[in-house]
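Asker: Pasting a structure below so you can have a look.
The values are calculated or read from the model by the stated rules, or taken from the named source; none is laboratory data. Because the structure is a prediction, the values reported are computed rather than measured. Cβ placement follows ideal geometry from the backbone for every residue including glycine, while neighbour counts extend to all protein chains displayed.
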Amino acid sequence: MIAFRLDERSGVPTYLQLIEQVRSAVRYGILRPGDQLPTARDVVGRLAINPNTVLKAYRELEREGVVRSFPGRGTFVTQEAPRPIARSIHEPLRRSLRRWIADARHAGLDRQAIADLLGLALRDAFEEEIA
Amino acid sequence: MSLALEAVNVSKRFGRVLALNDCSFAVPAGRIVGLVGPNGAGKTTLLHIAVGLAEPTSGRVHVFGISAREDILGVLSRVGFVAQERPLYRGFTVADMLELGRRLNARWDFAYARQRVANAGVALDRKIGSLSGGERAQVALSLALGKRPELLLLDEPLGGLDPLARRSFLQELMSTAAESGVTVILTSHEIAAIERTCDYLVILGRGRAELAGDIDTVVGSHVAVTAPSRYEEFIRTHSAIVDTERTERQISALVRVSQAVDWPTGNGLQVRPVNLEELVLAYLRRARLERTTK
């Protein structure tokens with residue numbers, strides 16, 4: 001079971017934040033096929049958000065085929081959900097990122113500067129691809 | 001679509017002051033509604049008329065199709081109302097208040113109300129006067145929910161609550177809405193709380209509904225445009241301006257668009273989405289400007 005968090009200052013609509021957290025949990029194998037998502041009532045009670053927001057996020061995930069809702073039983077990750085990225089792939093990448101972050105901090109960059117730099121590099125990389 | 005509440009051309013005069021001025025809007029059942037507006041916009045008056053605590057000078061407020069004027073008991077059996085400052089008898093214990101609720105209401109779910117009070121961690125033998133603001137708010141909410149209302153009206157429910165109490169109050173309220181489907185109308189100045197908890201918005205200004213609708217829809221139908229002054233004409237013909245700020249060379253406007261506009265971006269004209277707070281502020285500013293220039 002995953003616990004949702006909300007970043008109120010991000011400006012990203014709440015239902016999109018919920019969707020992205022489920023996708024990410026599936027991508028990294030934290031949620032696997034057959035796993036249950038928290039009930040709308042649980043999410044609402046924990047985060048103090050509108051019930052329709054949770055339903056909207058779950059509906060969108062269902063439309064994408066990531067989850068399926070069974071009335072009275074709950075919402076579950078489907079067998080058709082995207083395969084998680086293999087640990088053998090993301091673990092080494094994460095380790096090298098950690099080393100890179102350590103280097104950046106050593107060079108005097110703070111958290112925000114590091115995030116900005118990552119954002120810029122991502123943009124460069126993906127815009128080159130489009131062009 | 002069934003309506004939980006409908007205001008039809010409601011006016012209310014207090015002496016020389018017109019608190020509500022031909023106010024009309026509708027709230028579909030099942031929604032959680034944020035009713036916002038500056039102090040004195042008529043929010044409280046409107047809620048009072050809905051439950052029969054005040055009489056409109058003209059017009060009607062219907063609750064599930066009936067007005068308090070025609071059938072006060074019919075309205076009261078379906079509506080839970082928590083007034084500003086949550087008036088409760090200070091000398092009563094929580095148990096006394098629950099008993100009072102049982103005697104005053106034809107329909108009363110004692111076990112449910114008691115369970116809610118227990119969930120909030122409030123002992124039944126506590127005196128109302130000894131409760132913290134947060135505990136009082138939870139008890140008042142439990143009492144309003146004890147009659148299992150279909151519509152819950154909360155006037156400034158977050159007023160006077162510290163952030164933690166506010167959070168637990170909203171958690172309780174949202175869980176209740178999720179399990180019972182009760183329609184909620186709450187007034188508040190806290191836009192962040194409204195953004196989080198509400199899915200329907202009503203903006204009152206000048207005693208009128210400036211805007212009413214599904215929050216995602218109304219936010220999505222407004223944009224902020226910044227452009228050189230020469231584009232003002234274009235902006236005016238393609239959208240409805242809610243609020244503007246002008247400098248010598250530039251205009252920035254929050255506008256409502258009824259259909260997709262092909263904005264001539266790139267020549268110094270920029271368009272971006274707006275958030276709920278900007279939207280509410282723009283409407284409130286407009287209401288105030290029109291009032292002072294009237």
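Asker: Going by the conditions given, is A:L47 within 14 Å of chain B (Cβ to nearest Cβ), crowded, with 19+ Cβ neighbours inside 10 Å and in contact (Cβ under 8 Å) with a residue 40 or more places away in the chain? Don't jump to the end; show me each part of the working.
Answerer: Numbers: within 14 Å of chain B (Cβ to nearest Cβ): yes; crowded, with 19+ Cβ neighbours inside 10 Å: yes; in contact (Cβ under 8 Å) with a residue 40 or more places away in the chain: yes.
Here the answer is yes, as A:L47 does meet what is asked.
Asker: Condition check: over 29 Å from B:M174 (Cβ atoms), buried (at least 16 other Cβ atoms within 10 Å of the Cβ) and more than 14 Å from chain B (Cβ to nearest Cβ). Does A:P84 satisfy that?
Answerer: The answer is yes for A:P84.
Asker: What is the one condition in (1) away from every other protein chain (no Cβ under 12 Å); (2) touching a residue at least 60 places away in the same chain (Cβ under 8 Å); (3) farther than 23 Å from B:R103 by Cβ that B:L152 does not satisfy?
Answerer: (3)
Asker: For the stretch B:250-273, enumerate the residues that are part of a strand (DSSP E or B), of a type in the set (A, V, I, L, M) and closer than 11 Å to B:P228 by Cβ. Explain how you work it out, then say what you get.
Answerer: Pass one, the stretch B:250-273, residues part of a strand (DSSP E or B): B:250-256, B:270-273.
Then keep just the ones that are of a type in the set (A, V, I, L, M); that gives B:251, B:253-255, B:271.
If the condition is that a residue be part of a strand (DSSP E or B), of a type in the set (A, V, I, L, M) and closer than 11 Å to B:P228 by Cβ, then B:I251 is the only one that fits.
Asker: I would also like to ask the following. Can you confirm whether A:R99 is part of a helix (DSSP H, G or I) and of a type outside the set (V, I, T)? Spell out how you get there, then give the answer.
Answerer: Details: part of a helix (DSSP H, G or I): yes; of a type outside the set (V, I, T): yes.
So A:R99 passes the test.
Conditions tested, residue by residue: (1) at pLDDT 95 or above; (2) in a helix (DSSP H, G or I); (3) more than 9 Å from every other protein chain (Cβ to nearest Cβ).
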residue: A:M1; (1), (2), (3): no, no, yes
residue: A:G11; (1), (2), (3): no, no, no
residue: A:R41; (1), (2), (3): no, yes, no
residue: A:N52; (1), (2), (3): no, yes, no
residue: A:K56; (1), (2), (3): no, yes, no
residue: A:R59; (1), (2), (3): yes, yes, yes
residue: A:E62; (1), (2), (3): yes, yes, yes
residue: A:F76; (1), (2), (3): yes, no, yes
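Asker: Please find, within the stretch B:169-211, the residue that is surrounded by the fewest Cβ atoms within 10 Å (Cβ to Cβ) out of those that are more than 8 Å from chain A (Cβ to nearest Cβ) and among the polar types (S, T, N, Q).
Answerer: Only one residue fits best here, namely B:S180.
Asker: Is the stretch A:16-23 home to any residue that is over 13 Å from the mean Cα position of the chain (by Cα), without any contact (Cβ under 8 Å) to a residue 40 or more places away in the chain, loosely packed, with under 15 Cβ neighbours inside 10 Å and not in a loop (DSSP other than H, G, I, E, B)?
Answerer: Start the filter on the stretch A:16-23 by keeping residues that are over 13 Å from the mean Cα position of the chain (by Cα), which leaves none.
No.
Asker: Same structure again: B:A83 passes all but one of (1) touching a helix residue (DSSP H, G or I) at 6+ places or on another chain (Cβ under 9 Å); (2) in contact (Cβ under 8 Å) with a residue 40 or more places away in the chain; (3) within 18 Å of B:S2 (Cα to Cα); which number fails?
Answerer: Only one criterion in (1) touching a helix residue (DSSP H, G or I) at 6+ places or on another chain (Cβ under 9 Å); (2) in contact (Cβ under 8 Å) with a residue 40 or more places away in the chain; (3) within 18 Å of B:S2 (Cα to Cα) is unmet by B:A83, namely (3).
Asker: State whether the residues of the stretch B:208-219 include one that is of a type in the set (K, R) and in the same structural domain as B:D22 (by TED's automatic domain parsing). I'd like the intermediate steps shown before the answer.
Answerer: Narrowing the stretch B:208-219 to residues of a type in the set (K, R): B:208.
Right, trim to in the same structural domain as B:D22 (by TED's automatic domain parsing) and you get B:208.
Yes, the stretch B:208-219 has at least one match.
Asker: Does the stretch A:86-94 contain any residue that is under 23 Å from A:R27 (Cβ atoms) and in contact (Cβ under 8 Å) with a residue 40 or more places away in the chain? Spell out the reasoning first.
Answerer: Residues of the stretch A:86-94 that are under 23 Å from A:R27 (Cβ atoms), as a first pass: A:86-94.
Keeping just the survivors that are in contact (Cβ under 8 Å) with a residue 40 or more places away in the chain gives A:87, A:90.
For the stretch A:86-94, residues under 23 Å from A:R27 (Cβ atoms) and in contact (Cβ under 8 Å) with a residue 40 or more places away in the chain: present.
Asker: Now a separate question. Name the strands (runs of 3 or more DSSP E) wholly inside the stretch B:1-107 in which the number of residues that are over 30 Å from B:I128 (Cα atoms) is 2 or more. Please lay out each step first, then the result.
Answerer: Working: elements: B:3-14, B:17-28, B:32-36, B:58-63, B:79-82.
Once the strands (runs of 3 or more DSSP E) in the stretch B:1-107 are filtered for at least 2 residues that are over 30 Å from B:I128 (Cα atoms), what remains is B:3-14, B:17-28, B:58-63.
Asker: Kindly establish whether B:Y231 is surrounded by 16 or more Cβ atoms within 10 Å (Cβ to Cβ), hydroxyl-bearing (S, T, Y) and farther than 30 Å from B:G40 by Cα. Before the answer, list the steps.
Answerer: Details: surrounded by 16 or more Cβ atoms within 10 Å (Cβ to Cβ): yes; hydroxyl-bearing (S, T, Y): yes; farther than 30 Å from B:G40 by Cα: yes.
Taking the combined requirement at face value, the residue satisfies it.
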